[in-house]
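*Asks:* I have a structure here, written as structure tokens, and I will follow up with some questions on it.
The values are calculated or read from the model by the stated rules, or taken from the named source; none is laboratory data. Nothing here was measured: the structure is a model prediction, and the numbers come from that model. Cβ coordinates were reconstructed from backbone atoms using ideal geometry, including for glycine residues, and neighbour counts include every protein chain displayed. Surface accessibility is based on the protein's heavy atoms, side chains included, excluding ligands, DNA and RNA. Shrake-Rupley method; radii C 1.70, N 1.55, O 1.52, S 1.80 Å.
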Amino acid sequence: MGKERPGGEKQKRMVVGVVCNFAAELKLLLTALLLLCTLVTLLQFVPSRFTISASDLRFCISPIAASPSPSLSDTQSDDLLSSGILRRAFHPYGAAAYNFITMGTYRGGPNTFAIVGLASKPLHLYSRPAYQCQWLPSNTKQNNTNITSSLAYKILPDWGYGRVYTVVVVNCTFSHPVNLDNSGGTLLLHASTSGGGDSKFNLTDTIPALTEPPGTFNLSLFTSKPKYDYLYCGSSLYGTLSPQRVREWIAYHVRLFGERSHFVIHDAGGVHEEVLEVLKPWMELGYVSLQDIREQERFDGYYHNQFLVVNDCLHRYKFMAKWIFFFDVDEYIFVPPKTTLGSVLDSLSDYSQITIEQMPMSNKLCHSVDAAKRHRKWGFEKLVYRDVKRGIRRDRKYAIQPRNVYATGVHMSQNLGAGAKTTHKTEGRIKYFHYHGTIAQRREPCRNLVNSTDINFENNPFVLDTTLRDLAGSVKKFELKMIGSRLYNTRQ
């Protein structure tokens, strides 16, 4: 045997000590590796529709590996100058609002796009953020010259009503059509703060706003006949809505708008299970689309981001409808007898936008003749007293021919195309009856029974108006014909 080197025994004891000291950690590591291998083995037997995306993994890892703030001022400190002046340092952390939040991006033609989203209101109010659009074709090797960029202009359509966030519609117009060969590509939005928020930095976020897979671009969409004659873009529905009022509203307007119509309902928390049951029959027939937009509540905008929702609806369906209507679910469009909605709008076809006069109805007064059977009558059938107080400016609602409109509002659009006209002179041809607040009441609306053709109630004059009451029978028969009796037991 060879002679053992001096210190060998000491080294052995040291190695054994190290192994012992880290035995617990080694066991934990080996256990983790065993579990990982087991998981990989099991995943081979999981159905293919179950997947774990990269975004899911990033979500799991992000709390552990959150990146630090890029602020350079962390190393700064107060500095006493030779002049005796104390120069103070400021240390920013975090961010008060997102630079841009996209809801939807849509084509406006072969070379134009509209990006609808939210952005920091102070940033737009007190600074000048800039946007630039870029198109990246999928097949860059064969068509490198097709990578183009475009300066974009923004529209702020919410009339200053925004809160932390304001609505922004970014219009991207390229110098020539993109993706005409239908090879696919991606639209990028470069959103720059231009020094807003911190004049020391011009931060730019690059946002993949839209991806067109190969073969999906339909050029004929912009020139073909719209799928619908009339489309309804609804505002955000929230709160505890009355299923019965929703039932009455949808039956009335499907009958009025006709077969080539569609209704887009936006659920901001108001479409609870009973309301959904009312909408389902019309969804099954293809008249109603329901969009869950509850996620937008995360972002503090005006009135459940109402302006955001209607602008997204405008651009989403811009080439699918001849006319788009904007009004609420406690409002009923009316055209006079011996006319139709089609004949009225045909007479106004020279205008890209028409506004509609309001007929304010009481949400409490009913005629005493309905006392015994008011629980069986529909809302617009028994609320028959109209407010006739003069000297009040009442809100109007509106309809547009969407191909001539770039952005829109709640009561009208202020962003029409060149040469597009608006008319407010629609009295006698079209109007809407407004039953304010009734949609959110889950109780019998008739609180006061009146046996008179006119009355002064709560300092307002009212007159008896049975215009919509006279249509109730026809609407009920229409509902029965279309969907049967499945909604007969709907509650208030």
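*Asks:* Averaged per residue, what accessible surface does segment 272-379 expose to a 1.4 Å probe, in Å²?
*Replies:* I get 41 Å² per residue for segment 272-379.
*Asks:* Please work out how much accessible surface Ser349 shows to a 1.4 Å probe, ignoring ligands, DNA and RNA, in Å² rounded to 10.
*Replies:* Spelled out: Ser349, probe radius 1.4 Å, area about 60 Å².
*Asks:* Would you please give the FRET efficiency between Tyr98 and Gln76, computed as 1/(1 + (r/R0)^6) with r the Cβ-Cβ distance and R0 = 22 Å, to the nearest 0.05?
*Replies:* Calculated transfer efficiency: 0.25.
*Asks:* What do you get for chymotrypsin sites (Phe, Trp or Tyr not before Pro) in segment 390-447 restricted to DSSP loop and a cutoff of at most 10 other Cβ within 10 Å of the site's Cβ?
*Replies:* Taking segment 390-447 and a limit of 10 other Cβ atoms within 10 Å, no loop chymotrypsin sites (Phe, Trp or Tyr not before Pro) are found.
*Asks:* Follow-up. Out of segment 357-414, which trypsin sites (Lys or Arg not before Pro) are coil in DSSP terms and have no more than 14 other C-beta atoms within 10 Å?
*Replies:* Passing both the DSSP loop test and the Cβ count: Lys373, Lys389, Arg390, Arg393, Arg394.
*Asks:* Next question, about the same structure. Output the pairs from Lys121/Lys322; Lys318/Lys425; Lys425/Lys477; Lys431/Lys476 with a Cα-Cα distance over 27 Å in this structure; if there are none, say none.
*Replies:* Lys121/Lys322; Lys425/Lys477
*Asks:* In addition: Please report the accessible area of Asp78 (heavy atoms, 1.4 Å probe, ligands and nucleic acids excluded) in Å², nearest 10.
*Replies:* Approximately 80 Å² of Asp78 is accessible to the 1.4 Å probe.
*Asks:* Using the basic label-point model (7 angstrom from Cα toward the beta carbon), what is the Met482 to Lys377 distance in nanometres?
*Replies:* Placing both labels 7 Å along Cα→Cβ, they lie 2.3 nm apart.
*Asks:* Using 0.36 nm per residue, how much length does the chain from Asn218 to Asn489 gain when fully extended, once their Cα-Cα distance is taken away?
*Replies:* So the chain would gain 93.1 nm between Asn218 and Asn489.
*Asks:* Given a Förster distance of 51 Å, report the FRET efficiency between Ile455 and Asn182 from their Cβ-Cβ distance, rounded to the nearest 0.05.
*Replies:* Efficiency for this residue pair is about 0.20.
*Asks:* Shifting gears a bit: Measuring from label point to label point, each 7 Å out along Cα→Cβ, what is the Thr206 to Ile85 span in nm?
*Replies:* 4.1
*Asks:* To continue, here is another question. With a ≥ b ≥ c taken as the square roots of the eigenvalues of the C-alpha gyration tensor of segment 79-217, please select rounded if a/c is under 1.5 and otherwise prolate if a/b is larger than b/c or oblate if it is not?
*Replies:* It is prolate, given that a/c is not under 1.5 and a/b is the larger ratio.
*Asks:* Which sequence of Glu284, Glu357, Glu381, Glu427 reflects their accessible areas, 1.4 Å probe, from the largest down?
*Replies:* Glu284, Glu427, Glu357, Glu381
*Asks:* Report P(r) for segment 225-483: all Cα-Cα distances, bin width 5 Å, range 0 to the bin holding the largest distance, values in whole percent.
*Replies:* Final binned percentages: 1, 6, 13, 17, 19, 18, 14, 9, 4, 1, 0, 0.
*Asks:* When we measure straight from the Cα of Lys377, which aspartates and glutamates land under 13 angstrom away, once same-chain ones fewer than 8 places off are left out?
*Replies:* Within the straight-line limit of under 13 Å, Lys377 reaches these aspartates and glutamates: Glu248, Glu444, Asp470.
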